[in-house]
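Before any comments, here is the structure.
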Amino acid sequence: MILPYARARRRAALILAFTVLPAAAAVTPASASDAGPSANAAASAPSLTSYRWTRVAAKAPWSARAGLRVVELGSRLYLMGGRTPRAPRTPPVPGDSDIFSDVWTSADGGATWKRLLASGKAGVWAPRAYFQAVRRGNEMFVLGGQDYQVRPVPCPPGIPGCPPFASSSQFFSDVWKSRDGVRWTRLTADAGWAGRAGLSAAVLNGEIYVLGGSRNDDAAVIGGPPKRIYYNDVWKSADGRRWTRVTAKAPWAPRAGGVAAVKDGYLWVLGGERGFTCSPLPDCTPPYFNDVWRSRDGRRWERVTAAAGWSARPGHQCAVVSGRFVCFGGFGLLRNPTDQWSSRDGKRWTRLPGAPWNVTAPAAVKYDFDAIAVAGRTGPRILTFGGDRETFDFTDPENYKRVDNDVWRFAPR
């Protein structure tokens with residue numbers, strides 16, 4: 001997701017009044033890690049109540065960013081893409097950011113990093129954020145996303161409601177693959193599904209699935225056309241080149257920022273959003289989801305629960321360790337959620353002790369970070385990378401700094 005902006009000056013005071021301001025990974029078996037961030041890293045492990053958060057790297061050499069993606073391939077991590085907010089201009093430009101196509105790798109669980117590719121290199125996928133990356137076999141794939149851009153609009157004097165900026169973003173439907181993060185092959189410039197950001201993706205039974213997402217920017221970010229479109233279609237591909245639409249309209253509501261996971265032979269969808277804001281604050285209900293759905297083929301879906309134990313949210317992550325979902329992080333309109341939850345069946349949820357990243361206040365909770373599950377010496381663990389903590393107050397000269405380039409590990413003691 002990209003932070004809401006329109007009418008920020010009028011809303012900032014109200015919103016902020018309700019916001020509290022502020023070891024090396026082992027190789028994951030291929031059959032478990034094909035699903036990327038939703039991989040089941042091991043068949044057995046200590047109880048999740050014994051897990052603790054440890055910071056692996058406070059400031060990695062890649063720039064602080066959100067909307068990035070990380071894939072584990074072989075014994076290495078590959079981190080790529082995302083957006084880094086720029087220092088505010090006068091007047092503020094909504095979402096003004098540097099967008100990346102760089103690739104970094106780590107062989108020690110995220111403690112140290114080496115840059116493999118600089119951003120903007122010719123012959124590689126264009127800079128983007130809020131895209132997807134998955135691993136299938138011994139290859140990694142980059143899918144979709146956007147290169148969030150805005151342009152000023154000359155507003156005639158005295159014309160009310162004229163937005164000062166308009167979106168000029170590209171929304172991608174291309175697919176690229178690589179075995180080493182350096183040499184990339186474009187499989188298709190247009191996969192058939194509409195270019196989109198905030199999409200979900202996972203690998204089930206050797207096929208890549210793309211689910212949901214959105215196109216165009218939310219009216220809360222850019223106060224004018226084109227209108228944001230949300231999707232609930234499902235597509236799949238065995239090779240990343242040729243795509244088949246499995247269903248035009250899944251029974252779950254159109255959404256972006258949801259999590260796709262693979263567990264127990266099912267493809268799962270958990271949470272997401274269909275808009276960033278609501279009114280009037282603080283009593284309205286944001287258009288966020290905490291429902292859980294599953295499918296064996298992407299066509300026939302079963303609703304596991306209409307409301308999981310955790311609050312509705314986008315920008316979160318759900319990894320799978322030892323046969324259990326672990327969900328945490330995400331965006332809250334008035335305050336970000338500090339809880340973390342686990343479930344074996346997606347229906348019954350248990351709140352885990354503590355808070356993600358050992359936070360003590362909602363303002364420290366990340367959204368639009370990435371997370372993957374990997375195997376480890378003491379049991380399976382979750383690694384997280386970067387993420388966003390920006391608020392609505394774009395007039396705050398420090399707001400753009402609330403994006404991270406740290407690495408954390410959630411693992412047994």
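The numbers here are math on the coordinates, done by the rules we state, and not lab data. Keep in mind that this is a model prediction, so the values were computed, not measured. Here the Cβ positions follow ideal geometry from the backbone for every residue, glycine too, while neighbour counts run over all protein chains shown.
Quick notes
- Cα gyration tensor shape for region 288-413, rounded if a/c is under 1.5, else prolate or oblate: oblate
- The local environment of Ser168, defined by Cβ-Cβ distances under 12 Å, has a net charge of -1 under the rule Lys, Arg +1 and Asp, Glu -1.
- Theoretical ellipticity at 222 nm over the chain - DSSP helices of four or more residues, -39500 (n - 2.57) apiece, nearest 500: -1000 deg cm²/dmol
- Counting every other Cβ atom within 10 Å of each residue's Cβ, Thr285, Thr54 order from fewest to most as Thr285, Thr54.
- Fewest neighbouring Cβ atoms within 10 Å first, the residues Phe369, Phe141 line up as Phe141, Phe369.
- For Asp98, the residues 5 or more places off, or on other chains, whose built amide H falls under 5 Å of its own are Thr84, Arg86.
- Per-residue ³J(HN,Hα) for region 247-255, Karplus 6.51 cos²θ - 1.76 cosθ + 1.60, θ = phi - 60°, Hz, x for Gly and Pro: 8, 7, 9, 5, x, 7, 4, x, 6
- Karplus (6.51, -1.76, 1.60) ³J(HN,Hα), θ = phi - 60°, over region 48-61, in Hz, Gly and Pro reported as x: 5, 5, 8, 6, 9, 8, 9, 7, 8, 9, 7, 9, 6, x
- By the beta-carbon count within 10 Å of each Cβ, the least crowded to most crowded order of Arg69, Arg324, fewest first, is Arg324, Arg69.
- Peptides 99-108, 299-308, ordered by how many other C-beta atoms sit within 10 Å of their residues on average, highest first, read 99-108, 299-308.
- Net charge of the neighbourhood of Ser97, taken over other residues with C-beta under 11 Å away and scored Lys/Arg +1, Asp/Glu -1, is -2.
- Protection proxy ranking, highest mean first, for peptides 379-391, 333-345, 117-129: 379-391, 333-345, 117-129, where packing is the per-residue count of other beta-carbon atoms within 10 Å, averaged.
- Pairs spanning more than 30 Å between alpha-carbon atoms, out of Lys227/Lys347; Lys177/Lys347; Lys227/Lys249: Lys227/Lys347; Lys177/Lys347.
- Based on C-alpha pairs under 8 angstrom that are at least 6 apart in sequence, region 86-243 has a relative contact order of 18 percent.
- One entry in (i) 19.8, 66; (ii) 23.8, 71; (iii) 29.1, 99 is Rg and Dmax of the Cα atoms in Å calculated from the shown coordinates; its label is (i).
- Residues Ile159 and Ala107, FRET efficiency given R0 of 51 Å [Cβ-Cβ distance, rounded to 0.05]: 0.35
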